[in-house]
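To keep things clear, I will list the structure first and then write my remarks on it.
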Amino acid sequence: MADDKVDSLLKEGRVYRPSQETVASTYIQDYETAYRESIQNPEAFWGQAAKELDWFTPWNKVLEWNYPWAKWFVGGTCNMAYNCLDRHVKTWRRHKVAVIWVGEKGEERIFTYAELYRQVCRCANALKSLGLRKGDRVTIYLPKIPEQMVAMLACARLGLIHSVVYSGFSAPALESRIQDAESRLVITADVGYDRGKAIHLKPVVDQAVAHCRTVEHVVVVRREQPGVTLSAPKEIDWEDWLRDQPVACEAEPLDSETPLYILYTSGTTGKPKGVVHVHGGYMVGTYLTTKYVFNLKEDDLYFCVADPGWVTGHSYIVYGPLLNGATILTAEGKPDYPNPGRWWDIIAKYGVTVFYTTPTAIRLLMRYGEDWPKKYDLTSLRVLGSVGEPINPEAWEWFHRVTGGKKPIMDTWWQTETGMILVTPLPSVPLKPGSATRPFLGVEADVVDREGKSLPANAGGFAVVKKPWPAMMRTIYKDPDRYQVYWNTIPNCYTAGDVCRKDKDGYFWFMGRADDVIKVAGNRIGTAEVESALVSHPAVAEAAVIGKPHPTVGESIKAFVILKQGHQESPELIQSLKNHVLTELGKIGVPAEIDIVPSLPKTRSGKIMRRVLKAKELGQDAGDISTLED
Ligand code: WTA
């Protein structure tokens, strides 16, 4: 093919239309009509969806909107864990497999809905035995093992608020999250496994809780033999904790707006934000999106590769799929360990039908070549998913091709704050590789300028949502002002912080963040967090951090550092800076590159202009630099 032809093909964008058969099998066969109807009266639409779930007492108003504060399903009482478990255990689904967990060495643990229910009830009773009461916070710092899910659901059952912290975070990062939440309990494990290596978590917790006065107990899941020693009465073994607990525990009827969890995520300052989600609306949003986006049916086997330490794990491993009574597969470990056939092998072995993964993982697997997926029978797959960062058309095409060339890919756009998928295809919608397509039903998303005016086709602008949606965050924990910023940056809209354009068909093309948040392998990191870790190193006077495009992980971290007097640049010093970030923040924050520089570009008011650094790094024009000091 001539080069100009390739070029025009790219500009035009390929369109993949679903087969008649696929369309016929979907819940929503005519997206356009369904969407139009849903936004004519979003409250009626969401109210209808909520009726598919169980409520102890019905709501008397779907939405109370007091800009920018929302209350959904006002006056209703419900319980997330009840809807994830009891609702199914009451039916034949009690015998259905709820969770298949696969360990790094191929170990397997399988829970039916009845078994998961019993474990969760035991855990809830164990939580009660420690005197924990509705509204108390529990920090869960666990690797990807079923206990993570059990603990989350047990908290939900009682109206305790869980705060799951990704197990890759270091002690200071964990400590600040425990401190902010003022957790009374921390649940952890001795180790997690990563590429065959045991990652010791208990020492991290020891260090983190040493200064946390609110923490009364630490419960430890012991996986290794001999088990780590625990110091009673503060430290408790998970098995001992659960052993004698009764297997029944009533789910608390909770007001719809009762907080379900806090999840810390990165923003533009060094301090992470505690995003708060609630039982009622979040339940309805995650339930319906899981059902329609993946067209989830009774006999599906749903495999999501996320870690429950992040929001995708909360909404689309634990809550959304369980609300739908699905069978969930979750696997500890990396996609290329013990070899790059790991996930394809799991898909073939178990007959996975829905596979939800990330662009970074796809690009990583791409590097190992097509022979790996070719070795496995992937015909069970029905729907694919991608999340966390923009997927480039090349990776999209590869994923599509190696999985048989016919399975629709749902490129789902959303955020920790949004709680649920907001812009996404449905399996019945024509796909354009690289586009997250259109807003989900009931969601009014748009691309606007700074004043909130809708932009014409193909003009780049800001991704916003114009009306509240049920799973939206309700506040930032202990920081309502920071919450309001989302709704006050651009008038009358929720500003997501993403740059985006809409094409002539109304398809959304997300282009990355507009702010100082970066996405490394889909993990969300604030440049300010890395900078504050760096400046706490004794040799560092100032630091600036940027995200730099990277072929596999999307963005990589590059730091520019000014040294304090008396310190010299050396390979040892660079290593020491990296180690320091590792201890302060954790692996995900460690810069791939560090440049020692004599000065940094600043505005006259002293703010570092990361934009200028980035443009220079990429050899681009820095744009308007009139505010540059020097
Ligand atoms: C980015 C992850 C393009 C986006 C669920 C957003 C995406 C941030 C996509 C939120 C996608 C997520 N296409 N970009 N399909 N999905 N993003 O809070 O920049 O970890 O603002 O939530 O990820 O990251 P978070």
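The values are calculated or read from the model by the stated rules, or taken from the named source; none is laboratory data. Please read all numbers here as calculations on a predicted model, not as lab measurements. Every residue, glycine as well, gets a Cβ built from its backbone with ideal geometry; the counts of neighbours run over all protein chains shown. Just the protein is used for accessible areas: all its heavy atoms, side chains included, with ligands, DNA and RNA removed. Shrake-Rupley method; radii C 1.70, N 1.55, O 1.52, S 1.80 Å.
Please verify whether Lys271 is among the basic types (Lys, Arg) and touching a strand residue (DSSP E or B) at 6+ places or on another chain (Cβ under 7 Å), treating the condition exactly as stated. In short, no.
As a summary of the residue check, Ile588 satisfies the conditions (1) closer than 29 Å to Ser167 by Cα; (2) open to solvent by 40 Å² or more (accessible area, probe 1.4 Å); (3) modelled with pLDDT under 95 except for the one numbered (2). Scanning segment 271-327 for residues that are in contact with a Cys (Cβ under 8 Å, 6 or more places away or on another chain), open to solvent by less than 10 Å² (accessible area, probe 1.4 Å) and farther than 24 Å from Gly135 by Cβ turns up Tyr316, Ile317, Pro321.
Looking across segment 392-410, the residues that are assigned to a loop (DSSP other than H, G, I, E, B), away from the ligand (no atom under 13 Å from the Cβ) and not charged (D, E, K, R) come down to Thr403, Gly404, Gly405, Pro408.
Can you report the number of residues in segment 111-143 which are open to solvent by less than 10 Å² (accessible area, probe 1.4 Å), farther than 16 Å from Val215 by Cα and of a type in the set (Val, Ile, Thr)? Count: 1. For segment 439-470, the set of residues classified as touching a residue at least 12 places away in the same chain (Cβ under 8 Å), of a type in the set (D, E, K, R) and open to solvent by 50 Å² or more (accessible area, probe 1.4 Å) consists of Arg450, Glu451, Lys466, Lys467, listed by residue number.
Considering only residues in segment 476-496 that are buried (at least 19 other Cβ atoms within 10 Å of the Cβ) and not hydrophobic (A, V, I, L, M, F, W, C), the one that is nearest to Leu263 (Cα to Cα) turns out to be Tyr477. Being farther than 30 Å from Gly274 by Cβ and either within 11 Å of the ligand (Cβ to nearest atom) or not assigned by TED's automatic domain parsing to the domain that holds Ala98 (or both): is that true of Val429 here? Against the criterion (farther than 30 Å from Gly274 by Cβ and either within 11 Å of the ligand (Cβ to nearest atom) or not assigned by TED's automatic domain parsing to the domain that holds Ala98 (or both)), Val429 qualifies. Answer with yes or no whether Thr258 is within 22 Å of Tyr82 (Cα to Cα) and free of Cβ contacts under 8 Å to residues at least 60 places away in the same chain. No; evaluated as a whole, the condition is false for this residue.
Out of Gly309, Gly313, one residue alone is under 20 Å from the mean Cα position of the chain (by Cα), over 22 Å from Pro373 (Cα atoms), within 14 Å of the ligand (Cβ to nearest atom) and not in a loop (DSSP other than H, G, I, E, B). It is Gly313. If you check Ala559, Ala543, Ala528 for being more than 11 Å from the ligand (Cβ to nearest atom) and under 25 Å from Arg450 (Cβ atoms), only one passes: Ala528. Screening Trp413 on (1) of a type in the set (Phe, Trp, Tyr); (2) near the ligand (Cβ under 8 Å from one of its atoms); (3) surrounded by fewer than 24 Cβ atoms within 10 Å (Cβ to Cβ) shows it passes everything except condition (3). Checking Pro226, Pro233 one by one, the residue that is surrounded by fewer than 16 Cβ atoms within 10 Å (Cβ to Cβ) and modelled with pLDDT under 95 is Pro226 and no other. I'd like the residue in segment 512-525 that is near the ligand (Cβ under 8 Å from one of its atoms) and in contact (Cβ under 8 Å) with a residue 60 or more places away in the chain and, out of all such residues, is most open to solvent (accessible area, probe 1.4 Å). Looking at residues that are near the ligand (Cβ under 8 Å from one of its atoms) and in contact (Cβ under 8 Å) with a residue 60 or more places away in the chain, I get Lys519.
Here the condition is being without any contact (Cβ under 8 Å) to a residue 40 or more places away in the chain and either more than 23 Å from the chain's Cα centre (by Cα) or open to solvent by less than 20 Å² (accessible area, probe 1.4 Å) (or both); of Val561, Val545, Val581, Val530, it holds for Val561 alone. Of the residues contained in segment 356-371, one or more are found to be at negative phi, part of a strand (DSSP E or B) and touching a residue at least 12 places away in the same chain (Cβ under 8 Å).
Among residues of segment 369-391 being open to solvent by 50 Å² or more (accessible area, probe 1.4 Å) and under 26 Å from the mean Cα position of the chain (by Cα), the one that is farthest from the ligand (Cβ to nearest atom) is Arg382. Where strands (runs of 3 or more DSSP E) fall wholly inside segment 175-275, the ranges with 2 or more residues that are closer than 30 Å to Lys607 by Cβ are 259-265. None of Lys334, Lys291 is assigned to a loop (DSSP other than H, G, I, E, B), charged (D, E, K, R), in the same structural domain as Trp469 (by TED's automatic domain parsing) and more than 16 Å from the ligand (Cβ to nearest atom) except Lys334.
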